[in-house]
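The values are calculated or read from the model by the stated rules, or taken from the named source; none is laboratory data. All values reported here derive from a predicted model rather than from experimental measurement. All Cβ positions, even for glycine, are placed from backbone atoms using ideal geometry, and neighbour counts span all protein chains on display.
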Amino acid sequence: MKNKFVSFLVIYSCIMINLFGQAGYSSSSVSRTKNNSNIPKPTEVVVEEYMNYHLHQIPLPEKNEENVKIDLRWGNNKPKENQNILQIGIATAKKNSNENILPINICLVIDNSGSMGEYNKLERVKTALKTFVKQLRPQDVLSIVKFSSNAQVVIPAQRIETIDYILQKITEIRTEGGTNIHDGLMVGFKEVEKRINMKEYVHRVILLTDGIASAGITSPEAIEADAKKFIDKGIYLSTMGVGSNVQQEMLTNLAKKGKGQSHFLGDEEDIEKVFVKELQSLFSPVAENVKVTIELPEKFNLTQFYGYDNQQKANQTITIALDNMNNGLTQIMMLEGYSDKKIKENIIVNITYYDVQKKKNITQKHTIKVPFVSTETITKNADDNYFEGYEKFKSQSLQIKDKEVRKNYVITKLASAIQRTAKLNMEGQKEKALKLNEGNLNLANEYYEKDADVMRVVNILKGYQNVLLATQQYDED
C-alpha cells in the first residue's frame with residue numbers, strides 16, 4: 001500500500017518538458033473500478049472515461065494548423081455486414097517548451113484529517129509539496145490550505161519569494177480531526193479569488209482528500225452549489241480521491257462543474273497517469289467552452305452513440321458540450337449506424353471553442369461520406385439483448401478494418417458491458433450479468449490479449465465476473 005501513495009505534485013517539473021499526449025480528461029471511473037472487490041453503481045461507470053483513458057493513435061495538430069484537430073474515420077469504408085462505426089477523434093497541440101506556459105494562480109487544498117496519517121500518506125504529500133514549491137517560477141502564485149475538522153490557510157496566496165519559510169510551514173502540517181471538505185474548498189477558492197483580476201493567469205484549485213465529508217456542511221448538493229459560485233467566476237477545480245473510502249460521485253461532479261479533472265488514485269499506474277501524463281497539461285489550456293455538433297443525413301439510421309450522458313439530440317443532430325481541453329490531449333467519440341439507401345449528403349461535424357492562445361472563438365467544419373450497407377445485412381443493436389450476442393459482437397468487431405477504430409470499439413463495448421453489468425447487478429439479475437461478461441471476455445481474450453489498453457478493461461471485467469460467481473455460489477449455499 002505504501003507504494004501506492006508516491007510523491008504528490010512533483011508534476012511541475014513534468015509540465016516543463018514535452019511528454020506524451022494526455023489521454024482524455026479524467027481517470028476517475030476507470031481507476032476506481034479497478035478496485036473490483038465490489039460491483040460498482042451504474043453511475044460510477046462513465047463509458048467515455050474508458051474510451052479516453054489511453055492515448056489514441058490519431059494525428060495531433062501541426063505547427064501551422066489550428067490548436068484543435070478533428071480526425072474522422074470509418075471502421076470500414078466498404079462494410080459488408082451489420083452497422084458501421086464512425087470514430088470522431090479530437091486532438092490538441094503539444095507545447096514543445098515552457099515559453100508559452102501561462103503563469104498559474106493555484107491553491108492546493110490538502111486533507112490533513114486523521115486518516116491521512118495511514119500508510120504515511122500525509123508525509124508523502126508534504127515531501128512532494130516541497131518539491132513543487134522549489135520548481136515554481138517567480139511569476140506563479142501559490143497558496144496552500146489544509147483541512148481537517150476545519151480549514152486553515154498554511155500559505156496565503158503569494159508569488160514565490162521566501163522559499164525556506166514556505167518549506168517550514170509545510171513541514172509543520174500534522175494530521176488531526178475530521179474531514180470538512182466544504183470548509184477546505186471555500187477557503188481555497190477565496191485564496192485564488194484574491195488574484196482573480198490577473199487575466200493572463202490560469203486560476204485553479206486542486207482538492208485532495210482520502211475521506212468522506214464528516215464535519216461542517218456535508219451535503220454533496222450544498223458543497224457543489226457553493227463551489228459553483230466560485231467556478232462561475234473563472235476558478236477551475238480538479239479533484240483527487242485517495243484510497244477507497246471517498247465520495248467519488250461528489251468529487252466527479254465537482255470536477256465536471258469545475259471544468260477540471262477528477263482522479264482516483266488507486267495504484268502505481270494511476271500515479272504515473274495522473275501526475276506524469278495528465279496533470280502536466282492542466283497549466284497549459286488550449287480550448288475552452290468546447291462544443292461538438294454532429295449532423296447526420298436524414299436517411300442515416302443511428303443505432304448507438306456511446307457514452308457522453310450530457311449529449312443532446314434533436315432530429316438528426318447530436319450536440320455534446322466537452323470539458324476544457326489542455327495541451328497534448330486525445331479524445332474520441334464513437335457512433336454506430338447504417339444506411340439502407342445510398343446517401344449523397346455527408347455527415348457534418350462542427351466544433352466550436354475559445355482558443356486560449358489566440359484569444360478568439362474558433363469554428364471548424366468537417367465532413368465525411370457515408371458508406372452504403374445493404375439492408376439485408378443489418379442487425380439492429382438491441383442493448384437489452386446484447387449480453388446474449390457474443391457472435392454478433394465478434395462479427396461486428398472483426399469486420400472493422402481500421403485497427404485503431406477496432407481497438408477503441410472493443411474498449412467502448414467492454415466499458416458499456418461494465419456499465420450494463422452494474423445495472424443488472426443492481427436489479428438483481430446476476431445471471432444476465434454473468435452472460436454479458438462471459439461473451440465480452442471471450443472475444444477480448446481471443447483477439448486482444450497482447451494489447452495493454454484492452455486488457456486493462458478486460459481485467460476489470462474479470463474481477464467483476466469473479467465477484468458475481470462468488471455471490472451466486474453464496475446465494476446457492
Residue check for GLY307: in a loop (DSSP other than H, G, I, E, B), under 22 Å from ASP71 (Cβ atoms), at pLDDT 80 or above and not aliphatic (A, V, I, L, M): yes
Identity of the residue in region 30-81, of a type in the set (Gly, Ala, Ser) and in a loop (DSSP other than H, G, I, E, B), that ends up modelled with the highest pLDDT: GLY75
Sole exception among (1) at pLDDT 85 or above; (2) buried (at least 19 other Cβ atoms within 10 Å of the Cβ) for LEU279, by number: (1)
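Would you please name the residue that is surrounded by the fewest Cβ atoms within 10 Å (Cβ to Cβ), looking only at residues in region 82-123 that are closer than 25 Å to ASP340 by Cα and modelled with pLDDT under 90? Quick ask: steps written out before the conclusion?
Our first condition is that a residue be closer than 25 Å to ASP340 by Cα; within region 82-123, this holds for 82-88.
If we keep only those that are modelled with pLDDT under 90 as well, we get 82-85.
Values: ASN82: 22, GLN83: 24, ASN84: 24, ILE85: 26.
Going through the qualifying residues, I end up with ASN82.
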Filtered residue count, region 282-304, keeping only those that are modelled with pLDDT of 85 or more and touching a helix residue (DSSP H, G or I) at 6+ places or on another chain (Cβ under 8 Å): 1
Subset of region 320-374 [loosely packed, with under 15 Cβ neighbours inside 10 Å, at pLDDT below 85 and closer than 20 Å to LYS401 by Cα]: PHE372, SER374
Matching entry among LYS313, LYS299 (being basic (Lys, Arg), touching a residue at least 40 places away in the same chain (Cβ under 8 Å) and surrounded by fewer than 21 Cβ atoms within 10 Å (Cβ to Cβ)): LYS299
Single residue of region 169-217 satisfying the filter (in contact with a Phe, Trp or Tyr (Cβ under 9 Å, 6 or more places away or on another chain) and of a type in the set (Lys, Arg)) that is nearest to GLU249 (Cα to Cα): ARG204
Pair list, Cβ < 8 Å and 6+ apart or interchain, from region 407-431 residues that are in contact (Cβ under 8 Å) with a residue 60 or more places away in the chain and closer than 26 Å to ASP451 by Cβ to residues that are of a type in the set (Phe, Trp, Tyr) and in a helix (DSSP H, G or I): ILE411/TYR50; THR412/TYR50; LEU414/TYR50; ALA415/TYR50; ILE418/TYR50; ILE418/TYR464; THR421/TYR464
Identity of the residue in region 124-175, closer than 21 Å to LEU102 by Cα and among the β-branched types (Val, Ile, Thr), that ends up modelled with the lowest pLDDT: THR131
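Collect the residues in region 327-359 that are in a loop (DSSP other than H, G, I, E, B) and either farther than 23 Å from LYS63 by Cβ or not assigned by TED's automatic domain parsing to the domain that holds LYS369 (or both), keeping them in residue-number order.
Result: SER339, ASP340, LYS341, LYS342, ILE343, LYS344, GLU345, ASN346.
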Cβ pairs under 8 Å, 6+ apart, first in region 174-200 and outside the structural domain of TYR236 (by TED's automatic domain parsing), second of a type outside the set (A, V, I, L, M, F, W, C): none
